[in-house]
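Enquirer: Structure below; questions to follow.
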Amino acid sequence: MTIVGDSFNDQGNFTRLDGFALGSIRAEMPIGDRFAVYGRVENLTDEKYQVVSGYGTYGRAAYAGVRLKLN
């Protein structure tokens, strides 16, 4: 979980940005000695937030894949 408090976007502290909390989840499952499948979801609740005033950020995102150990 990532938690960010309220902040300001400029040196004069005129543009206030609200704080936010982002939750993510990940999992991996081995398949034999050399393979594993994995997945993760970031921004699980699809939180709308800003780290720079006026610029959007990514919403919910999901990733999946396969790992192969070569050693």
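Enquirer: Report the gain in length on full extension from A61 to F8: 0.36 nm times residue separation, minus Cα-Cα distance, nm rounded to one decimal.
Expert: The span from A61 to F8 would gain 16.4 nm if fully extended.
Enquirer: Would you mind giving the three semi-axes, in whole Å and largest first, of the ellipsoid equivalent to the chain according to its Cα gyration tensor?
Expert: 37, 11, 10
Enquirer: Take peptides 35-43, 3-11 and line them up by average Cβ neighbours within 10 Å, highest first, as a rough protection proxy.
Expert: 35-43, 3-11
Enquirer: I've got another one for you. Which value in nm describes the separation of the simple spin-label points at V52 and A36, placed 7 Å from the Cα toward the beta carbon?
Expert: Calculated label separation equals 3.5 nm.
No lab work stands behind these numbers, since they all come straight from the coordinates. The shown structure was predicted, so the numbers you read here are calculated from the model rather than taken from an experiment. Cβ: placed from backbone, ideal geometry, glycine included. Neighbour counts: every protein chain shown.
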